[in-house]
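To keep things clear, I will list the structure first and then write my remarks on it.
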Amino acid sequence: MRRGWKMALSGGLRCCRRVLSWVPVLVIVLVVLWSYYAYVFELCLVTVLSPAEKVIYLILYHAIFVFFTWTYWKSIFTLPQQPNQKFHLSYTDKERYENEERPEVQKQMLVDMAKKLPVYTRTGSGAVRFCDRCNLIKPDRCHHCSVCAMCVLKMDHHCPWVNNCIGFSNYKFFLQFLAYSVLYCLYIATTVFSYFIKYWRGELPSVRSKFHVLFLLFVACMFFVSLVILFGYHCWLVSRNKTTLEAFCTPVFTSGPEKNGFNLGFIKNIQQVFGDKKKFWLIPIGSSPGDGHSFPMRSMNESQNPLLANEEPWEDNEDDNQGSSMLL
């Protein structure tokens, strides 16, 4: 009886957590809906008097708004990609691993299994990266998300504002969402500013639209500052071909720790996220190369092209163990 109550309570808590996890998304959606009403109706249709100015403002606004909402949708509803079946332990291997009590033997078992897989990263102690919750050998750059309760390929971080784990499958969409969010806030701020001044000077009648216009500028500027910092940080990560987790904790390869292990050079680093076809870079459709299970490494790239071995790797000016504490 007591066990049944515990199971029911645990299930209820999980259900409440799922519902509450959507609260940040709901807040963003409500702010966006209000900004749409304030800009389109209170500013363009009520405050702006010039018909030509109204048309131009509305066309440009809706063009940005479409891409802004499209990328936000893709960031939320693109499911994180998990490792395929070949990285999971078979039933026999799982049984052998769990029944083995000697840690050194367990470690050797994982080493033997990993030899058949394209896995080149290790734990800090040099052991094969293994997830005992998902029962799989982690592919390179894969991490277990405690919120999503699963391993995510090329995991960057879990974002409460999209209620999703950002990784290989949706990192491009997340970056585009940040870029269009910055553009959205900047466009609103620049077009609203002149009318903010007019209201401030009393050149326009003090009507209901005044509150919306004044508050719209304040909200746009507030979000712009926070978003441009976050977007700049992720642009730096892309330029170095790092994830947020890799910026905090240097990846360890079979040869040892290497903070530039996945750094292929500026252009190739960008192509690792957006693909090699530039026509798809601004559109939220999947174009990232590979399958998320293995990635080109600097050491392999140098062995294929000896000229790269003479290049000096980019050095971080800051300690990689320090990073922005504010994650979207």
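The values are calculated or read from the model by the stated rules, or taken from the named source; none is laboratory data. The shown structure was predicted, so the numbers you read here are calculated from the model rather than taken from an experiment. Cβ: placed from backbone, ideal geometry, glycine included. Neighbour counts: every protein chain shown. Surface areas here come from the heavy atoms of the whole protein model, side chains and all, with no ligands, DNA or RNA. Shrake-Rupley method; radii C 1.70, N 1.55, O 1.52, S 1.80 Å.
Summary of computed values
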item: Region 128-144, residues that are among the hydrophobic types (A, V, I, L, M, F, W, C) and open to solvent by less than 20 Å² (accessible area, probe 1.4 Å); result: VAL128, CYS131, LEU136, ILE137, CYS142
item: Conditions (1) open to solvent by 40 Å² or more (accessible area, probe 1.4 Å); (2) in a helix (DSSP H, G or I): number failed by VAL147; result: (2)
item: Unique match (being within 25 Å of MET297 (Cα to Cα), β-branched (Val, Ile, Thr) and in contact (Cβ under 8 Å) with a residue 40 or more places away in the chain) among ILE166, ILE188; result: ILE166
item: Matching residues in region 257-271 - criterion: being in contact with a Lys or Arg (Cβ under 9 Å, 6 or more places away or on another chain) and over 26 Å from TRP281 (Cβ atoms); result: GLU258, LYS259
item: Conditions (1) at pLDDT 90 or above; (2) assigned to a helix (DSSP H, G or I); (3) more than 15 Å from the chain's Cα centre (by Cα): number failed by PHE196; result: (1)
item: Pairs where the first residue, in region 105-120, is within 22 Å of GLY261 (Cβ to Cβ) and open to solvent by 30 Å² or more (accessible area, probe 1.4 Å) and the second is not in a helix (DSSP H, G or I) and not aliphatic (A, V, I, L, M), C-beta under 6 Å, 6+ apart; result: PRO118/SER294; TYR120/ASP140; TYR120/PHE253; TYR120/THR254
item: Conditions (1) within 24 Å of PHE173 (Cβ to Cβ); (2) among the aromatic types (Phe, Trp, Tyr); (3) touching a Lys or Arg at 6+ places or on another chain (Cβ under 9 Å); number of the one not met by PHE130; result: (1)
item: PHE174 vs. criteria touching a strand residue (DSSP E or B) at 6+ places or on another chain (Cβ under 8 Å) and either of a type in the set (A, V, I, L, M, F, W, C) or surrounded by fewer than 19 Cβ atoms within 10 Å (Cβ to Cβ) (or both); result: yes
